[in-house]
Amino acid sequence: YMLDGTHPGARDYLRHVFRTMREEWQCRYFKLDANMWGALPFGRRHDPQATRVDAYRAGMQAIRDGAGEGSFI
């Protein structure tokens with residue numbers, strides 16, 4: 001499955017996961033792999049007006065927000 005970066009629940013989930021890794025596990029370095037899946041041209045998005053790039057950027061921003069300042073992504 002893939003997470004839809006335009007869906008508020010998906011963004012909340014990403015923020016929560018990365019915040020947990022930062023605060024509880026003390027991670028500051030995050031290596032992402034295969035995160036292009038949310039930008040592929042098939043499927044439906046929560047926001048039908050959003051482009052693939054919009055969805056990708058929204059998901060990445062949620063990750064950045066959860067990882068916090070001082071983290072390396």
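Summary of computed values
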quantity	calculated
Qualifying residue in the stretch 21-33 (condition: more than 14 Å from ASP4 (Cβ to Cβ), in contact with a Cys (Cβ under 6 Å, 6 or more places away or on another chain) and either surrounded by 13 or more Cβ atoms within 10 Å (Cβ to Cβ) or in contact (Cβ under 8 Å) with a residue 24 or more places away in the chain (or both))	yes
Long-range neighbours under 8 Å by Cβ, at least six apart or interchain, first residue over 16 Å from GLY9 (Cβ atoms) and among the hydrophobic types (A, V, I, L, M, F, W, C) within the stretch 34-52, second in a helix (DSSP H, G or I) and at pLDDT 90 or above	MET36/TYR56; ALA39/ARG52; ALA39/VAL53; ALA39/ALA55; ALA39/TYR56; LEU40/ARG52
Of all residues making up the stretch 34-73, the number that are surrounded by 10 or more Cβ atoms within 10 Å (Cβ to Cβ), on the phi < 0 side of the Ramachandran plot and not in a helix (DSSP H, G or I)	10
Candidate set: the stretch 1-33, residues that are part of a helix (DSSP H, G or I) and among the hydrophobic types (A, V, I, L, M, F, W, C); chosen: the one nearest to ALA62 (Cα to Cα)	LEU14
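The values are calculated or read from the model by the stated rules, or taken from the named source; none is laboratory data. Here the structure is a predicted model, which means the values were calculated and not measured. Glycine also receives a Cβ, built like all others from the backbone with ideal geometry; neighbour counts cover every protein chain displayed.
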